[in-house]
Each structure stands twice: as C-alpha cells, then as structure tokens.
There are 2 protein chains.
Amino acid sequence: MIKNILGIEVPEQIDGLGDVKPYAGVWSNIEDNKVSENVARPVKAKKAHTSKVCDSLKEAIEKSNPHDGMTVTFHHHLRGGDGVLMQTIEILDELGIKDITLASSSLTSAHDGLVPYVEKGMITRIFSSGIRGRLGEIISMGKLKHPAIIHSHGGRVRDILSGRIKPDLSVLAASAADEEGNSTGSFGPSAFGSMGYADIDAKYSKNVIIVTDNMVEYPCIPASVRQNYVDFVVKIDTIGDAAKIASGTTRITKSPMDLRIAKIASTVIEHSGLFKNGMSFQVGAGGASLAVAKFLREDMKRKDIKGSFMIGGVTSYGVDMLEEGLFQAIFDVQSFDAAVSTSVLNNPKHVEITCDHYANPNNCGAMTNKLDVVVLGALEVDVDFNVNVITGSSGEIRGASGGHSDTAAGANLTVVVCPSFRGRLPIITEKVHTVVTPGESVDVVVTERGVCVNPSKPNLKAALIKAGVNVVEIDDLRKEVEKITGTPAPKQLGNKPVGYVEYRDGSILDVIYNVENLS
Amino acid sequence: MIKNILGIEVPEQIDGLGDVKPYAGVWSNIEDNKVSENVARPVKAKKAHTSKVCDSLKEAIEKSNPHDGMTVTFHHHLRGGDGVLMQTIEILDELGIKDITLASSSLTSAHDGLVPYVEKGMITRIFSSGIRGRLGEIISMGKLKHPAIIHSHGGRVRDILSGRIKPDLSVLAASAADEEGNSTGSFGPSAFGSMGYADIDAKYSKNVIIVTDNMVEYPCIPASVRQNYVDFVVKIDTIGDAAKIASGTTRITKSPMDLRIAKIASTVIEHSGLFKNGMSFQVGAGGASLAVAKFLREDMKRKDIKGSFMIGGVTSYGVDMLEEGLFQAIFDVQSFDAAVSTSVLNNPKHVEITCDHYANPNNCGAMTNKLDVVVLGALEVDVDFNVNVITGSSGEIRGASGGHSDTAAGANLTVVVCPSFRGRLPIITEKVHTVVTPGESVDVVVTERGVCVNPSKPNLKAALIKAGVNVVEIDDLRKEVEKITGTPAPKQLGNKPVGYVEYRDGSILDVIYNVENLS
C-alpha cells in the first residue's frame, strides 16, 4: 500500500490487473499530445455473403468462444429496464462458464438478479461506473471474490483502450437493428436514445453480439453501431421493460429544499463570469441538479443569452432548451427518456456521441474538456471539496461515479449542489467516506445554508460576494451542520477491500472496505 | 523472390517494410472471426480549454514533430482540384525534411508538382491506390528511391491498421470545420461530399491537422471527422479548385462503343439471377461502367425492381436513382460531384461510410462483402480473367487500383466492361502486364464482340446463353482481337522494380519494372 496525494492508502498492485498508480492530481497524467499506451483493436475478418443472424442469444454466445475467466461487457442504456444483461449471465451459467469478469458501463436496479451469481463465485470481478441495491450490499459485505473497480464513464473508455478491461464478449442491446448488426437506440418500441456507451465495446471486444427486439429491413438507418464491428445479431422477444427504460428521473423536483438550492446555484452561475453567449452546460438528471436547468433557462431568456452546447446525460428538459434555440446543439452520450430518443433520431443538432468523444481523459477532444459549467450532485462533500457519490451512510456501495469526475475535471466551473445535511446525516463533513471526485476539480458547493468556494478560486469568491451570494467557509459550514446533526456514529468497517475507486486517468483514488454492520 | 499463386515472381521482403507474403488466392488469408495483427491507435491527450487553432499550415506542421523519414498522409477527396497535398509538401521541404514516405489514398493530376520532390529524393517512398500523369512516368523510369506500393482502398485501411503504413502526420482537407476540428466535406464553397478515406488517417495518425477554407462557428454539424481525433486546425485561403473537385467524370458517355458494351452488360445483369428486389449494386464513375447504371435504371423501372443499396464511388446519377426510390440507401465512401455533397448533407438515406466500413478485407462487415453486382472497367484483361487497371501500353504506371479488387472480391457478380481493343492495342490479351484484380474474382467480361464467362461459373454461363447473350470463350476472343490488332511490339522494360501491387490482404500480386522507353 502507498499513500496517494490525498493521503489515502491505496494499493500499488491489484491482483490480476497488475500495477496501478496512486492518484496524483487531476491533471498529473495528462500532457498535451502525449500518446497513451493502448491495445490494438481486435479486427475480425468474415467471408463475403455469410449470415450473422443467430436463432437465439444462446446460439450467438456459443459461437463467441465462451470460456472460464472471460470478460463480458454491456452498456446500461436500458437503465432500470434492462433485460439483456441478466439473460446473458443466465445463459453463461447454463453453459457452465465460471470466473467471469463483468464490465457493464453501469449497473442498476435491474441487476439485483446478479446476487446469486456473485455469491456462488460465477462472477468474480466487476468493473462498473455504478453499483446499487442488493448487489451493492453483498459486495460491501465482501461477497465478490475480487474488489469491484468503480470507474468513471471516461475512465471506462480508457480502461478498455489501455487493456485494463479486455472484453471477450459484448452483448449490446439495440432498439432496432438489421441482419448485419447496424443498430440504433433511437427508434423502435424499446427506444432508449443514444448508444454512446456501446461504441467502445463494439470496437474493442473480441465478440460483439447485437440483440434487438426490433429487427428491421436492411439497412438500419441511422446506425450508431455499424456492421463492421458486429459479429452476430439476434432477435429476442424483449430487450427490457420499455417503461423503465424511459425512466422518470427527468421531471423537475417539487422539493422546496432542492428548488432553493437550485435557485442559489443558478445565481452562482449567473455571476461566475461564464454566463454569456456561447456558454456550454451540463446538468445531472435528478433533484436539485436538473432544477438548476429550470432557473438557468429562465435566466437565459430574460438576459437573451444564447449558449453553444449542452452535453450529457440528456433529458427532455434539455431537448426543450435546444428547440427553443437556447443552445446550438446537444451532444448526447446517454438519453434519459423517450422524448429524447425522438430528438436524437430527428434533430440534426441533437448529436449522438461516443463515450470516448464525451469524456475519455486521454484523447485530444473530449467534450467534457470544452465544458463551461457543470452542475453535479453529491452524497457527501468534505472540507477539501472532495465529493463522494458512491458509498452510503454505512459505508456501503450504493451509487454511481458516472461522469461526475470527468465533467468536474473538464468544466471551467464545477458546481456541486446538495443539502448541508439529510436527517441526522451531515452531508458537509470533515472527510468523505469515499473520494470519487477530488476537491481539486470542484469549484463551488451550493447548499441551503450557504455557498462554499474552493480557495483556489479567489476571484470567483469575490465575484459571488459582490453579487450578494451568501458565501461561507466550508469548515464553518461543517461545524454549523455538526451542531445540528451531532457527530454521527463511526461506521462499522472491516479491513477487507471490497472496492477500489479508480480515477479517470486510471490511478487509484480510494479503497472501499467491507461493511460489518449494514444498517 | 518467390512465385505467387499466379506464377508471378514477387519479393518475400520489401526494404524497410519487412516480410511480405506472395499472393495466394482471393480468400486465402480470410477466416471467419480471425483476429488480424494490428497496431494500437496513438490516442493523444490534451488539456482542457486549450486551443487547436493555428495561424498557418506551417505553424501546425511545426507543432506536429516533422522529422526526416516521416510518413505523411492525405485523402484524395478533392481529386484533380486538390490544393492541400502540394502545400504541405512544399512546407515540409522548406523545413528541410527529407526521406518522406507519402501515403495519400490516391494521387491525381493535381499532384504532378510532386515530380521535383521525388527527383531530388525528398520523397523516397509512395503508397497510393493510384498514380497518374507525369508522376507515374518518372516513377516508371525509376526515379523514386523505393518502389511505389499500389494498394486498394480496402487494402490501405488494412495497411494502416497493420502498421505497414505508420502515419506520422495527416493533413486532412475539409470543406467546413470548427475550432476543435469537427469537420465535413458535405457543405461549404469547396464541398466534396463524403470524407470516407480520411477516417482511418484521423484515427491512426500521430498528428492530425484539419485544414479548411471555411471555418464555421462551433459546433460544425454534421461532422465526419470528430474532434477527439484532431490535434490542430488551420484556416487556409483555399483547399483547392472547387470546379475540379466536383469533377465531370459522372456524365453518361456519348461513345456509341461504350453505350453498346453497357447495354450488353445490363442484359448480363438482368439474366444473372441477381436482378431482383433487394439487389445491391456498384458501378464505377466513368465510361461504359457508369452507362450500365443508365440501362439498369430503365430495366429496374420497367420490371418494377426495388434494390437494397448502392455503394461507391457515388455519382449524381446514383443520387437520382435513390431519390426515385430504386434503392433504399446509398453508402458513400467518396462522392464524385457537387450534387452528391448536397445529398450526403440532407438525405438520411445517403449514408457516409468510412473506408474501413466500405472495403477493409479484414473486418466482419465490409460493404463490398455484401454487394450483389459490381461493374468495373479495365485497361487489360487476360485469358485467366486477371485485370490490369494500373499500367499502360508501355508498361508505365498511369492508373488506379481504387476499389477494383475490393469490390470484385466481395460481389456476387463482378462484371468487367471494356472494348476488346483500342486502336492497335488489344485489351483482351494473353497475359496482362500487371495484375491488380485476380481473375478468380472476376465473373464476366463484357466486350462489344462478346461476353466471356469465368469457367468457375458454369451456371451463369448457361443462363446467359439461354437468354441469347453472345457468350464467347475468352481465348477465342483474344485470337480474334489479335488478328485485328496484330501482336503488339514487346514493352521495353528494365529489371528494376519500380512498383509493387499489393493485394487487399497485404500479399504481393505483381511487380512493376522500370520502363526504358516511354512512348
């Protein structure tokens, strides 16, 4: 073990993955024009005029060289409605495959069914940007053989390019596909919008299976994944639950607390110096974060500001702003509801992008690196501005890294919105249980009790004070909160690592230890 | 030297490129799901919020680590109007860079200016799918230090993926681009349509410069090359001569001979068993080849046939057929005139594709592998159906391999159209001077004096005879032609290799020797 720059003890090696570096700062591994060490794409041949279509997912998997120790990957565009990952794992189990590394771009409530496969050791390693529910609990209890690796969205692309994740089989859901595997998420009964996370799997996996419940006549237009990356195509009855695919996370909150925080955040943005023509913007999909968009929209109209682009994580709220002309374009790596799919399909200014294009820290044009303002949520924030979005109050894994650290690093202004406490739980705290986004990349924390500005941004602090924003020192806020909540009881943790938080550049930020008593 | 399967002596090693394999048959190196040995992409980092824009092409080149022995690459979408390749070579010469490998996807009449740079040894090696004009002549006379490598369009992608071509600097012209390098050929004063050939350079080159004469506000939509592949962006006065970019090769011929051959070819297609709903089709852009489209269009309307897709090499004639509903889609790797650019830009069914997607022999979904019918031209065809499209009557380099061998290999029906002789020159001959497309992949040769069917296709031969087509044995046709033209004087050749014809799979098909007396 070695201490990283945050003073956290992290491993220098991970069993089966070899050497890893301790986190050394947001930009410490990024140099202009530096070529990163990457693996070659497994470009696969196929003779002319042979069919890729299989009668069943099982047949396609059997043709894809399933073997013990393999890495199986998925995208999570179907979110809570996903029906493809579990079907695949069940088939691999039927085939007696063991010691599987599961590398889905994220894991959701649709994947609680993984629990028995982890418990019996069929799945022994997990890479993901998020782990929730019962699966998060059993991993936190030490039931997964190797510690889970939590990466960011951009970090996952880097993991695959660098060979840390080596996909043997990728089963990629599409809401429409043709016989050659040209496929999209933008139309069909199970439409889910952008296929941005699937691109890197399609390009770098040894075996790519497209599954769809909507086989269309050749050629499928538009096609996000093109036929030259696809080995097999399968029509199945359903790729998932369409109602849950188009999730309801995108409605503006009615919570007075969230709305109050969002209103303050919009004031912060307005006086940041970045609120002007040509600004670019990203908000998260939930709670106070999305509510900021509502106030920003009003502010933009009032001041006649025309932005350049939005990225995300796109909600129908964002689509409305595009259609109103408030922004020139949306770059969409992930679409959050059905209305967004229609926009991806029909509006040329709604541009689907790959996750490489969105957030890969090692490329020369990630969208996150061109971002002006991002608004992000938090489970905890500490006095060094470090943010936890992965572990809960007992120290259990229950959240998602997602694009949090990617956008925070790239944006000119990173705003974290959160209440200062929830119930008896302080959110502004001495030290976050798990660092996902380093404080170095967080500029402002907006709470209902005041706004904290990172000491690295004195000019911003002065501007906000001048604008009448209630700026407070974060340690003062912490003390105030602690008076209300009291000091929480210490978490009951063991000393077995159950998860590693990988920073977007591949270095190790933090270690998650097993929880002995899950409350 | 070793004899390949055609009995042609070819090298087993090429100086500076290492081992090469002798050609062993059209599909001898292709196995389903076989992973080819490829190099990794040089993924380059860049810090957030830094500009890629340079004041001049020279500045961009100076920032791109120019050095002796480097490989410089270009696309040829500007065809005879290209103004970018020569500007780049002139700057590199100014900077004193020597021993350059030039790897343009093709070379045209716009590149005669390369002659002095080859003669003085500044450019020492050339990879290209085509070489014409004065440049072809001096290479044929032995003035290029290393033999030129003639590859196919698909073979070029394979050459780059496999590391045979290692691009150090790619200067890629766009008719519109933004400050991050998002770029397109589909609009702007110098619009040239698809950027299909540029994709592999953008992805695999160590330094990518986008040059445009039409810098647009961020973001450029649509974008064929995306910002995550681009290092520098430069606005220059002109990328070339727009009139020559939109070349005139796409008008239907008025030559009675070509029209007669085309009419026969369309009859061959009609009775091939492939002329039915769902057929797919490619024709070349010139002469008899394009004229086949005219007759096919009439035949399709007459018989109410609806095709699936066209690929190419797209002419405005193809666009008309798409708009008439004769085909469902066009897949466009290269657009031949200004009207095509408008269609690429506006018609969702006119799909721009990369050259990897078009013709890479090593991938699992090349469009050429799904093609039903292709119609191709020829400079010479021999009695084994081998086709020469690269060397002229004196043995000099004067043509282009292009997609000839790629489409011939993939199509269910490969039709070569040519007159049986031109002036005193037999076209149907005992042995072609240079094999570019192996006879194994050619099904039918259509001339004004009869149609020759490859003996490997007896059923096709029977069907054509039944349909009343004038089917003749190719050796009989050769004899008949020779009676008319006489036996041509032997070519005056030296024994210095000046070019190697690489088959699409990377094996060596033929050697071009120096010409001692250029007539």
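Every number in this text was worked out from the coordinates using simple rules, so none of it is lab data. What you are looking at is a predicted structure, and each value in this text was computed from that prediction instead of being measured. Quick reminder, even Gly has a Cβ in these numbers, built from the backbone with ideal geometry, and neighbours come from all protein chains shown.
Just a few scattered comments:
- Annotation note: of A:169, A:144, the sole residue that is within 14 Å of chain B (Cβ to nearest Cβ) and either under 25 Å from residue B:43 (Cβ atoms) or of a type outside the set (Val, Ile, Thr) (or both) is A:169.
- If you check B:400, B:408 for being touching a residue at least 12 places away in the same chain (Cβ under 8 Å) and either farther than 26 Å from residue B:162 by Cβ or in contact with a helix residue (DSSP H, G or I) (Cβ under 8 Å, 6 or more places away or on another chain) (or both), only one passes: B:408.
- Among residues of the stretch A:343-360 that are without any contact (Cβ under 8 Å) to a residue 12 or more places away in the chain, those with a beta-carbon under 8 Å from a residue that is among the aliphatic types (A, V, I, L, M) at least six positions away or on a different chain give the pairs A:348/B:221.
- Taking the listed residues B:8, B:30, B:2, B:89, the one that is out of contact with any Gly (no Cβ under 7 Å at 6 or more places or on another chain) and within 14 Å of chain A (Cβ to nearest Cβ) is B:30, with no other qualifying.
- Residue in the stretch A:384-392 that is of a type in the set (Phe, Trp, Tyr), closer than 25 Å to residue A:475 by Cα and either crowded, with 24+ Cβ neighbours inside 10 Å or away from chain B (no Cβ under 11 Å) (or both) present: yes
- Residue match in the stretch A:15-36 (condition: crowded, with 17+ Cβ neighbours inside 10 Å, among the small types (Gly, Ala, Ser) and farther than 30 Å from residue A:179 by Cβ): yes
- Taken over the stretch B:36-86, residues that are more than 8 Å from chain A (Cβ to nearest Cβ) and more than 18 Å from residue B:231 (Cβ to Cβ) amount to 12.
- Among the numbered conditions (1) without any contact (Cβ under 8 Å) to a residue 40 or more places away in the chain; (2) within 13 Å of another protein chain (Cβ to nearest Cβ); (3) over 18 Å from the mean Cα position of the chain (by Cα), the only one that residue A:324 does not meet is (2).
- Residue check for residue A:119: charged (D, E, K, R), in contact with a Lys or Arg (Cβ under 9 Å, 6 or more places away or on another chain) and buried (at least 24 other Cβ atoms within 10 Å of the Cβ): no
- The condition of being in contact (Cβ under 8 Å) with a residue 60 or more places away in the chain, within 25 Å of residue B:410 (Cβ to Cβ) and crowded, with 24+ Cβ neighbours inside 10 Å holds for only one of B:272, B:205, B:289, that being B:289.
- From the list A:204, A:218, the one residue that fits, being aromatic (Phe, Trp, Tyr) and over 22 Å from the mean Cα position of the chain (by Cα), is A:218.
- Hits in the stretch A:237-273 (condition: among the hydrophobic types (A, V, I, L, M, F, W, C) and not in a loop (DSSP other than H, G, I, E, B)): A:242, A:243, A:245, A:257, A:259, A:261, A:262, A:264, A:265, A:268, A:269
- Selected residue [more than 9 Å from every other protein chain (Cβ to nearest Cβ) and closer than 14 Å to residue A:335 by Cβ] from A:183, A:190: A:190
Per-residue answers, yes or no, for (1) buried (at least 24 other Cβ atoms within 10 Å of the Cβ); (2) more than 20 Å from residue B:362 (Cβ to Cβ); (3) in contact (Cβ under 8 Å) with a residue 24 or more places away in the chain; (4) aliphatic (A, V, I, L, M):
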residue	(1), (2), (3), (4)
A:201	yes, no, yes, no
A:212	yes, yes, yes, no
A:217	no, yes, yes, no
A:220	yes, yes, yes, no
A:223	no, yes, yes, yes
A:230	yes, no, yes, yes
A:242	no, yes, yes, yes
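- Residue in the stretch A:303-314 that is on the phi > 0 side of the Ramachandran plot and buried (at least 20 other Cβ atoms within 10 Å of the Cβ) present: yes
- Those residues of the stretch A:115-158 which are of a type in the set (D, E, K, R) and under 24 Å from residue A:407 (Cα atoms), in sequence order: A:132, A:156, A:158
- When residues in the stretch A:206-265 are screened for being in contact with a Cys (Cβ under 9 Å, 6 or more places away or on another chain), within 14 Å of chain B (Cβ to nearest Cβ) and β-branched (Val, Ile, Thr), 4 of them pass.
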